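The values are calculated or read from the model by the stated rules, or taken from the named source; none is laboratory data. Because the structure is a prediction, the values reported are computed rather than measured. Because the Cβ atoms are built from the backbone with ideal geometry, glycine has one as well, and the counts that use them run over all protein chains shown.
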Amino acid sequence: MHHFAVNRQGQLCCEDFPLREIARRTGTPVYVYSHATLAHHFKVFDDAFAAIPHIVCYSMKANSNGSVIRTFTNLGGGVDIVSGGELARALSAGAKPKKIVYSGVGKKVWEIEEALRRGILMFNVESREELETIDAVAGRMRKRAPVSIRVNPDVDPKTHPYISTGLKKNKFGIHIRQAMKDYEWAARRRHIEVVGVDCHIGSQLTDLSPFLDAAGRVRRLVDQLLAKGMPIRLVDVGGGLGIRYNDELPPHPKEYANAVVNAFRGLDVTLVLEPGRVLVGNAGVLVTEVLYTKPIPSPDGKGRKYFFIVDAAMNDLARPSLYGSYHAILPVGKCPRGRVTADVVGPICESGDFLAKDRTLPPYKAGDLLAVMSAGAYGFSMSSNYNSRPRAAEVMVSGDRCEVVRERETARDVSRGERTASFLAAKRPARK
């Protein structure tokens, strides 16, 4: 569910605040987040696991805005991070170190040092060499590093190949058949504390069967580790639960929770959960303005097709270009009559710069405002400055209150930190 709806005046609103007024105040493109939706999604997910000790660690790569993270930490949530930068952001947004898990395949030494200094809950280790590096860093710092091994269960998550992480051909994790040897090695190290097992098989999963398959394999490994006397007290089942963009029918968090809890029933462990998209995806929209319309002959030559050229582009929302993803597009104001076939495209000099292709849409005209729905996950967090385009503003709404939570970048922001090489500096004219 979400708190975006059309009011009696025919205006699309975020909670009680019209999107048109937000666009007037901030300009476009602009990301708009509903605080009520974020809080509701977190509570539903958290409550679904009430039957077992657990920690909900929001996977902040989905949306790293500080106000979004703070919404979840204020509700008692933790954070799943994948970089030193995310660690700093999580801490500044109120995350408690003992509710931070550090995932990712490429942790640098300085990132490991900082996480150890802060006293995070655990590292999710993804290779033997990473395990050795953490051991060496912890030794130099005279600390013990809490670790779990991210096991790769070789389970097909049945999702887009770019966001599949649980097959043996993927770069993530240690194959489940190799994991026992690495656990035994880690258990002999003075500066490593084995605390858990981790598994994450992919993103935007809409079927429970891959979760159940992976959970069963992880449960067998946990039983084996416990039988060997290893003090496993945390089982990180990752995230990946999908949302509805178009016609998907993902499981409800309660259904997902029942399946996970049953898989680990009888174990004296705390579950670590890493939801991302399911918390933020439908809590945000991208508002954009139509700049121009351009008619062209339809492919069959019997009619017209249109390009609606808008001021949001693939640098603002990469998912359609990168994954071929679907996002519903709705009018912010009253809907024009009629229907046409159109591509919604941005200003970037790439044929891959589109937000929608071959959609049946109202006949929009220049100046109309559109809302790209379900853009709260992997929208702003994946945005870039391609074509030297400043990144969009971000706004959060609560009831009838609207606040900018990230200012729109300027052209100066785009080039900040850049300088001309000294040997390219203009030479002084030679004296006559």
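Tell me, which helices (runs of 4 or more DSSP H) lie completely within the stretch 199-295 with 2 or more residues that are over 30 Å from I22 (Cα atoms)? Let's see the steps before the verdict.
Details: elements: 208-227, 253-263, 277-280.
Here the list reads 208-227, 253-263.
Does D135 satisfy the condition of being over 26 Å from H35 (Cβ atoms) and of a type in the set (D, E, K, R)? Yes.
Of all the listed residues (E248, E255, E274), the sole one being touching a strand residue (DSSP E or B) at 6+ places or on another chain (Cβ under 6 Å) and among the acidic types (D, E) is E274. Would you mind stating whether A377 is out of contact with any Asp or Glu (no Cβ under 6 Å at 6 or more places or on another chain), crowded, with 19+ Cβ neighbours inside 10 Å and part of a strand (DSSP E or B)? No; evaluated as a whole, the condition is false for this residue. If only residues of the stretch 310-345 that are assigned to a helix (DSSP H, G or I) and not polar (S, T, N, Q) are counted, the one that is nearest to A356 (Cα to Cα) is P320.
Evaluating D80 against the criteria (1) acidic (D, E); (2) touching a strand residue (DSSP E or B) at 6+ places or on another chain (Cβ under 9 Å); (3) more than 19 Å from L271 (Cβ to Cβ) leaves one unmet condition, (3). Out of the stretch 200-232, which residues are within 12 Å of S148 (Cβ to Cβ) and touching an Asp or Glu at 6+ places or on another chain (Cβ under 7 Å)? Within the stretch 200-232, just H200 meets the criteria. Scanning the stretch 382-414 for residues that are buried (at least 19 other Cβ atoms within 10 Å of the Cβ), of a type in the set (G, A, S) and not in a strand (DSSP E or B) gives S383, A392.
Among the candidates V56, V44, single out the residue that is in contact (Cβ under 8 Å) with a residue 24 or more places away in the chain, in the same structural domain as P275 (by TED's automatic domain parsing), touching a strand residue (DSSP E or B) at 6+ places or on another chain (Cβ under 6 Å) and among the aliphatic types (A, V, I, L, M). Before the answer, list the steps.
On the way: V44 fails: touching a strand residue (DSSP E or B) at 6+ places or on another chain (Cβ under 6 Å).
Result of the check over V56, V44: V56.
Among the residues of the stretch 233-249, what is the count of those that are surrounded by 19 or more Cβ atoms within 10 Å (Cβ to Cβ) and in contact with an Asp or Glu (Cβ under 9 Å, 6 or more places away or on another chain)? Final tally of qualifying residues: 8. Restricting attention to the stretch 271-307, the residues that are in the same structural domain as G104 (by TED's automatic domain parsing) and surrounded by fewer than 16 Cβ atoms within 10 Å (Cβ to Cβ) total 0.
Within the stretch 71-83, being crowded, with 17+ Cβ neighbours inside 10 Å and not hydroxyl-bearing (S, T, Y) holds for F72, G77, G78, V79, D80, I81, V82. All conditions in (1) among the aliphatic types (A, V, I, L, M); (2) touching a strand residue (DSSP E or B) at 6+ places or on another chain (Cβ under 8 Å); (3) farther than 19 Å from I309 by Cα hold for A411, with the sole exception of (2). Test S384 against the criterion of being under 17 Å from I22 (Cα atoms), touching a residue at least 40 places away in the same chain (Cβ under 8 Å) and of a type in the set (S, T, N, Q), and give yes or no. Considered against the rule, which asks whether it is under 17 Å from I22 (Cα atoms), touching a residue at least 40 places away in the same chain (Cβ under 8 Å) and of a type in the set (S, T, N, Q), S384 comes out as no.
Of all residues in the stretch 330-350, those that are over 14 Å from F308 (Cα atoms) and small (G, A, S) total 2.
The residues of the stretch 197-212 that are surrounded by 24 or more Cβ atoms within 10 Å (Cβ to Cβ) and more than 20 Å from the chain's Cα centre (by Cα) amount to a single one, V197.
Tell me, please, whether a residue that is under 18 Å from the mean Cα position of the chain (by Cα) and either within 16 Å of M396 (Cα to Cα) or among the polar types (S, T, N, Q) (or both) can be found in the stretch 50-60. So far as the stretch 50-60 goes, yes, one or more of its residues are under 18 Å from the mean Cα position of the chain (by Cα) and either within 16 Å of M396 (Cα to Cα) or among the polar types (S, T, N, Q) (or both).
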